[in-house]
Every structure is written in structure tokens, then in C-alpha cells.
């Protein structure tokens with residue numbers, strides 16, 4: 001079977017970028033898809049790359065650009081898989097247990113009457129590190145936009161709302177130190193999830209930056 005040269009793959013990626021495929025990860029997925037299709041056509045029709053590419057895009061460009069949901073779904077699936085595998089790792093469980101213990105010990109040092117003020121701040125504090133990481137990645141490190149990272153941020157924002165509702169519920173329910181273990185559990189879940197989101201964000205950025213740099217060097 002015919003294999004495209006690196007220059008050919010780079011040409012496809014640049015073409016898609018000029019066609020307003022803004023997200024680098026989606027563009028890479030589409031590049032791989034188009035490259036595979038063209039390789040098959042070149043093998044079956046015994047044609048050259050540029051001739052095959054031109055014919056393919058004439059027939060498929062509109063459908064390819066308008067129906068890219070499969071590539072977005074691939075990004076979503078990848079994120080959920082990453083999150084699942086991180087959740088079941090032993091280090092994650094150890095971090096959760098450590099946070100649970102430290103949270104409970106910390107709660108024993110505060111006044112129950114002041115607990116509601118702390119519970120208001122915890123969800124806000126938990127989202128701050130992710131925002132810092134994301135903004136710094138865009139502004140300082142000048143990474144291109146990645147759908148995976150932005151959709152991970154959307155997942156985090158949705159989780160933030162859940163955390164906020166849980167915090168409000170906890171403020172109403174906890175009336176004495178006997179129920180501090182509930183608050184400690186909530187804090188441990190929030191912070192653990194926050195750390196996992198940041199860890200996955202770094203992994204996604206590093207992976208896509210490496211793939212993107214490779215593609216741009218073609």
C-alpha cells in the first residue's frame with residue numbers, strides 16, 4: 001500500500017488549518033483520516049498525491065468540514081478514558097485518603113459556626129488552579145487551541161456547579177462536629193478531582209504539543 005511522505009501529511013494539515021479548522025487536535029485527527037483515505041485511493045487508482053488530494057477534497061471537503069462530530073467525539077472519549085484510568089490508579093486513592101485525613105483534622109480546628117464561610121470558598125478555590133494553568137498555557141507558552149483541553153475545562157465547570165450545590169447542602173446539613181466527616185469527604189473529593197483535572201490537562205497539552213510540533217516540522 002502507498003504511504004504518504006511527511007511533506008504530503010504536512011500539506012494536508014496546512015490545508016485544513018487554512019480551511020478554518022482551528023483546534024489543533026481536531027485538525028490532527030482529520031489529517032490522519034484524510035491521509036488514510038488518500039493512501040487507499042493512490043493505491044487503487046495508481047495516481048500521484050496532489051492529483052488524488054485535489055480530487056478527494058473536491059468531492060469530500062464540504063462533508064468533511066461540516067460533519068466533524070466524529071473527531072469531537074473522539075476527543076471526548078479520550079478525555080473520559082484518561083479520567084477513568086487516573087481515578088482507578090493507586091496514587092489517586094492514596095492522595096484521596098491523605099486529603100480526607102488532613103481535611104478532617106483541619107475541620108477539628110475551626111468553629112462550626114464558621115464552616116459555612118469555608119464551604120463557600122472551597123469550590124471557588126478548587127477551580128482557580130485549572131484556570132491559571134489554562135490561561136498560562138495560552139498566553140505564556142503560546143499553545144494553539146486544543147478542543148480536548150477546552151472541553152476538559154467545560155467538564156470542570158460543570159463539576160464546579162455540582163461542587164457548589166454539594167457545598168450549599170453541606171452547610172445546611174452540618175450542625176455539629178459529629179458530621180465533620182461528611183465535609184471532609186466532600187473536600188477530599190473536590191481537591192482530588194481538581195488535581196486530576198490539572199494533571200490530565202498537562203498530559204493533553206504535552207501530547208498535543210509534541211504531535212503538533214512534529215506536524216509543523218514536516
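Coordinate-derived values only; no laboratory data. Predicted, not measured: the structure shown is a model, and the values here were computed from it. FYI the Cβ positions are ideal-geometry reconstructions off the backbone, even for glycines, and counts take in every protein chain you see.
Taking all Cα pairs closer than 8 Å and separated by 6 or more residues, the relative contact order of segment 6-67 comes to 27 percent. With the simple model of a label 7 Å out from the Cα in the direction of the Cβ, residue 98 to residue 165 spans 3.2 nm. Between residue 207 and residue 118, the modelled label-to-label distance comes to 3.7 nm, taking each label 7 Å out from Cα in the direction of the beta carbon.
Listed peptides 96-108, 129-141 appear in the order 96-108, 129-141 once ranked by packing, highest mean of other Cβ atoms within 10 Å at the front.
The alpha carbon convex hull volume per residue for segment 6-67 rounds to 79 Å³.
A simple packing score, the average count of other Cβ atoms within 10 Å per residue, orders the peptides 183-191, 195-203 as 183-191, 195-203, with the highest score first.
Model label sites at residue 150 and residue 106, defined 7 Å from Cα along the beta-carbon direction, differ in position by 3.3 nm. Most tightly packed first, judged by the mean number of other beta-carbon atoms within 10 Å of their residues, the peptides 14-21, 58-65, 28-35 read 28-35, 14-21, 58-65.
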